[in-house]
Amino acid sequence: MHRGAMLMVQRAKPPAAGKWSVPGGRVEAGEWIADAVRREVVEETGLEIEVAELAGIFEVPGDPHYVVLDYLATVRDNRPPRAGADAAAAAWVPLEDIASLPSTPRLVETLTAWGVLTTTGGASASAEE
């Protein structure tokens, strides 16, 4: 989070085309997870980050079955995000607006369970900087 907003992308490709989510993607063979997080954020938003601790893990069952690891990160520059190849849009989304977006499965519920959002969709007191 940065100034009460979360870096988010609108997915451009299936399976979640048109849905909003945090930047991310697959780990390539031989790649460390932190390196994959940095690469995916640059590819999808154009922003350089410093990866911090693991925020949480959740699963999206189905075919394919996804296991998602979300990390906290610090943005290294003040440029606005720009949508990359896998994103239709990239933006800093105010925490209070996240629940109203069409988002990927379980995003809002997961952010609420982790204390990032309140049940009304706004920022929790502990999540604000």
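Just so it is clear, none of the values below were taken in a lab; they were calculated from the coordinates. These numbers come from a predicted model, not from an experiment. Counting neighbours? That spans all protein chains shown, and the Cβs are built from the backbone with ideal geometry, glycine included.
7 Å from Cα along Cα→Cβ at both residue 39 and residue 60: what's the point-to-point distance in nm?
Label at residue 39, label at residue 60, 2.0 nm between them.
Two decimals is fine: what's Rg over Rh for the range 1-53, C-alpha atoms, Kirkwood radius as Rh? Kindly include the intermediate steps, with their values, before the conclusion.
On the way: Rg = 11.8 Å, Rh = 12.0 Å.
Answer for the range 1-53: 0.98.
Would you calculate the separation in nanometres between label points at residue 106 and residue 27, each defined as 7 Å from the Cα along the Cα-to-beta-carbon direction?
1.8 nm
What relative contact order, as a whole-number percentage, does the range 5-95 give when Cα pairs under 8 Å and 6 or more residues apart are counted?
Contact order relative to length: 36 percent.
With each pseudo-label sitting 7 Å past Cα toward Cβ, what's the residue 82-residue 13 distance in nm, one decimal?
The modelled label-to-label distance comes out at 2.0 nm.
Going by average Cβ neighbours within 10 Å, how do the peptides 79-90, 98-109, 48-59 rank, with the highest at the top? Display every interim value, and only then the final one.
Working: 79-90: 15.4, 98-109: 17.2, 48-59: 13.3.
Highest to lowest by the protection proxy: 98-109, 79-90, 48-59.
Report D for the chain in µm² per second (integer): Stokes-Einstein, Kirkwood Rh on Cα pairs, 20 °C, 1.002 mPa s.
Values: Rh = 14.9 Å.
Answer from the Stokes-Einstein relation: 144 µm²/s.
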